[in-house]
1. Among the listed residues ALA143, ALA198, which satisfies the condition of being touching a Ser or Thr at 6+ places or on another chain (Cβ under 6 Å), in contact (Cβ under 8 Å) with a residue 24 or more places away in the chain and not aromatic (Phe, Trp, Tyr)?
2. Would you check if there is a residue in the range 74-94 being in the same structural domain as PRO173 (by TED's automatic domain parsing) and among the charged types (D, E, K, R)?
3. When only residues in the range 99-120 that are small (Gly, Ala, Ser) and within 41 Å of the chain's Cα centre (by Cα) count, which is surrounded by the fewest Cβ atoms within 10 Å (Cβ to Cβ)?
4. Please return the ranges of strands (runs of 3 or more DSSP E) entirely within the range 259-343 where 1 or more residues are closer than 24 Å to GLY139 by Cα and of a type outside the set (S, T, N, Q).
5. Could we say that TYR137 is assigned to a strand (DSSP E or B) and touching a helix residue (DSSP H, G or I) at 6+ places or on another chain (Cβ under 9 Å) here?
6. Any idea how many residues of the range 238-281 are of a type in the set (Gly, Ala, Ser) and either at pLDDT 55 or above or at positive phi (or both)?
7. What are the pairs with Cβ atoms under 6 angstrom where one residue, in the range 206-229, is in a helix (DSSP H, G or I) and the other, located anywhere, is of a type outside the set (S, T, N, Q)? Sequence gap at least six, or different chains.
8. Restricting to the range 310-335, name every residue that is acidic (Asp, Glu) and closer than 11 Å to ARG262 by Cα.
Amino acid sequence: MARVVRRIQQVSTLLLAVMLPAIGRAQGTGKVRGAIYDSLSNRPLRGATVFISGSTKLGISNDLGEFFVDSVPVGKQSVSYSTPLLDSLGLSGMISSVQVVANTEATLTLGVPSFATLWRTLCPRTLVSRTDSGIVYGGISNAQTDTRLRGARAVFSWVAMETNGKSLAMNRPVQVVRSDSLGNYVACGLPTDITVTAEVDAGPMTSNAIDFVLYPIRIAHRDFLVSTELVPAAATLTRSTSRMGAPTLAPSVRLRGTASVRGTVRDGNGVPQGNTFITAPSADTTTRTDVDGKYVLAGLPAGTQILRARKLGYGPQTVQVDLRPGQVTESNITLPAATVLAKVDVKAERASNVARKGFEERKKVGGGYFLTDRDIENRPDMVSVLQGLPSLRIQRRNMSTSITIERGPSVCVPSVYLDGRPSTVDELTLIRPEEVYGVEVYTHAAEIPAQFLGINQCGSLVIWTKNAK
């Protein structure tokens, strides 16, 4: 009996080996043609990569959002698509299905969910969406352990100008949300036309402040890593308050850790860009890229923070990085092109005049300390320029420089601006005095102009170069 069973199994195996190729030929393949519409941007989705299960071929959508995939196995197949933008929003991987028939072309229409759909899905029913309402969502994790954190606090703030008909006042509205049991958070109703600042804390851990604008698609996905390394170890309380609503801590030393970040800086054509300044504001550290556009920043605190890239002739670039202790994170940066046409040079000169006019007007009004190019023309470096100014305390340690403002028994760290944009002390010390047109120093929150009001409102140090635009 056993011998008969074995013989039957051998014959069955032989028959299957002969029949399977014929079955495959009978099944054949089909084609899939379709289009993708992006309801967030209200236009066809261009450049999307379309994946179909069971097929090794891909489809790429054209300017009209149309795609085509050949040689697709027959039967019910799963279809997904992605773009860099959808990946950044966490919306890639959405799956649809299509029935493929041999030697036939199947059609399929795909779409990115609209803002209204996402609002109904993510936001409380009691919250009404307006045309200027945005959404930010994501997860919050411990940088050391990579575990999601329940009950972590995400704080979003922005600058709002209000008027009562007679005067204009500035305030900073704040929205606070907490992560759920899975470590996820959603913030709805944020403004879309101005810069929003986000910070996250979970007990003794925190993230760096991250700035972003929700225009034009009104939604963003932001994950955060928090760590104790972003909290100053040695600090004293100041009179001001941070965006978190708690007394500001002013570090007596720079924040340090064991995380590193490296990468390559390129322009929009993929050409490596040497001599680019890369700054990590959390550690007040700046480096330059080498001739191949490569950079490395080591000894950084773990957690979510930002890097800033700046090179003459290009627009500045800011990127978010998520750093983990003892690990090297890759972050490649693309510099946006700057307009250098002769026709625009005239406008740049006018813009430069506007920057100088603003400096001169603030100097006339007073409220801070001001130095012109004549005051500093014989100084050897920027440290010597700032030494001696009231309330400023400058220290040099191990080839680095720190600047603090003394207020009686306590000290705090001022915000630094270069040509109107946020900068660092490291970048400041790389400038030669002969390149500087003017210096503004504000040591009290009440006297700081609105455009230079930093995170902790401790004070502000503003440098204008002769190339300011």
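The values are calculated or read from the model by the stated rules, or taken from the named source; none is laboratory data. What you see is a predicted model, and the numbers here were worked out from it, not measured in a lab. Note: ideal-geometry Cβ built from the backbone for every residue, glycine included; neighbour counts use all protein chains shown.
1. On the way: ALA198 fails: touching a Ser or Thr at 6+ places or on another chain (Cβ under 6 Å).
Sole residue among the options that is touching a Ser or Thr at 6+ places or on another chain (Cβ under 6 Å), in contact (Cβ under 8 Å) with a residue 24 or more places away in the chain and not aromatic (Phe, Trp, Tyr): ALA143.
2. At the first step, the residues of the range 74-94 found to be in the same structural domain as PRO173 (by TED's automatic domain parsing) are none.
No, the range 74-94 contains no residue that is in the same structural domain as PRO173 (by TED's automatic domain parsing) and among the charged types (D, E, K, R).
3. Going residue by residue through the range 99-120, those that are small (Gly, Ala, Ser) are 102, 106, 111, 114, 116.
Filter once more, keeping what is within 41 Å of the chain's Cα centre (by Cα): 106, 111, 114, 116.
Values: ALA106: 18, GLY111: 16, SER114: 14, ALA116: 10.
Residue satisfying both the conditions and the ranking: ALA116.
4. Values: elements: 259-266, 277-280, 285-288, 294-300, 303-310, 317-323, 328-330.
Per the criteria, 259-266, 277-280, 294-300, 303-310, 317-323, 328-330.
5. Numbers: assigned to a strand (DSSP E or B): yes; touching a helix residue (DSSP H, G or I) at 6+ places or on another chain (Cβ under 9 Å): yes.
So TYR137 passes the test.
6. So the first thing to find is which residues in the range 238-281 are of a type in the set (Gly, Ala, Ser), and the list is 240, 242, 245-246, 250, 252, 257, 259-260, 263, 268, 270, 274, 280.
So of that shortlist, the ones also either at pLDDT 55 or above or at positive phi (or both) come out as 245, 257, 259-260, 263, 268, 270, 274, 280.
The total comes to 9.
7. Once the first residue is in a helix (DSSP H, G or I) and sits in the range 206-229, its partners that are of a type outside the set (S, T, N, Q) give THR228/PRO204; THR228/MET205; GLU229/GLY257; GLU229/PRO301; GLU229/ALA302.
8. Of everything in the range 310-335, just one residue is acidic (Asp, Glu) and closer than 11 Å to ARG262 by Cα, namely GLU330.
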